[in-house]
Amino acid sequence: MSDDESTPEAVVRRYLRIFETGDRAELERVVAPDVEIWGAGRHVTGIDFPLASIETPGLSGCRLEIVELFAADDRVVVYFIATYRHDASDRDVRQSGMKMYQVRDGRIVRFWGETDLHGLLRDLGKIEGTIDFL
């Protein structure tokens, strides 16, 4: 791996590309086996979690757009939009998200983040467009 491929920004870009390619071997190259993950009110450890997330039953053909990316030292923050093909309806659905990654020795060792599950469910027609909290 060249120095350019192991910078924190390059490692995160390689990781995000995996959601389009499904390349499990590449995921194992860029994510530490004992990666720590925070999100959706949970804290979990281990590469099995990101491995399981690269395939989403019922959704295919992920196209991931990096809208914003900021890198400083060993941290990278990304705002992205993932567009999937909903297999049952043959329609495109979208989900946005924001993640922060920590990279050490060319591998992601920790990440935090949230994705817009409400927006995805709305696009899938599973919930109404607005929620009345009053």
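Please treat every number below as a calculation from the coordinates, not as lab data. Being a predicted model, the structure only gives us computed values, none of them experimental. Reconstructed Cβ throughout: ideal geometry from the backbone, glycine too, with neighbour counts over all protein chains shown.
In order along the range 73-87, phi translates into HN-Hα couplings of 6, 9, 10, 9, 10, 10, 10, 9, 10, 9, 10, 10, 9, 7, 4 Hz, rounded to whole numbers, per the Karplus curve 6.51 cos²θ - 1.76 cosθ + 1.60 with θ = phi - 60° and x for Gly and Pro. Under the criterion of Cα pairs below 8 Å and six or more residues apart, the relative contact order for the range 1-128 equals 25 percent.
Listing Leu120, Leu64 from fewest to most neighbouring C-beta atoms within 10 Å gives Leu64, Leu120.
If one takes the longest principal axis of the Cα atoms in the chain, at what angle in degrees, from 0 to 90 and to the nearest 10, does the Cα axis of helix 8-21 lie? Rounded to the nearest ten degrees, it is 50. Shape annotation for the chain: C-alpha extents along the principal axes are 47, 34, 26 Å, from largest to smallest. Within the shell of other residues whose beta carbon sits under 15 angstrom from the beta carbon of Glu20, the net charge comes to +2, with Lys and Arg scored +1 and Asp and Glu -1. Taking other C-beta atoms within 10 Å as the exposure proxy, Leu59, Leu121 rank Leu121, Leu59 from fewest upward. Using the Cβ-Cβ distance between His118 and Arg17 with R0 = 25 Å, the FRET efficiency computed as 1/(1 + (r/R0)^6) comes to roughly 0.45.
Between Asp48 and Asp34, the modelled label-to-label distance comes to 1.7 nm, taking each label 7 Å out from Cα in the direction of the beta carbon. Size estimate for the range 17-90 follows the Kirkwood approach: the inverse of mean 1/r over distinct Cα pairs works out to 14.0 Å.
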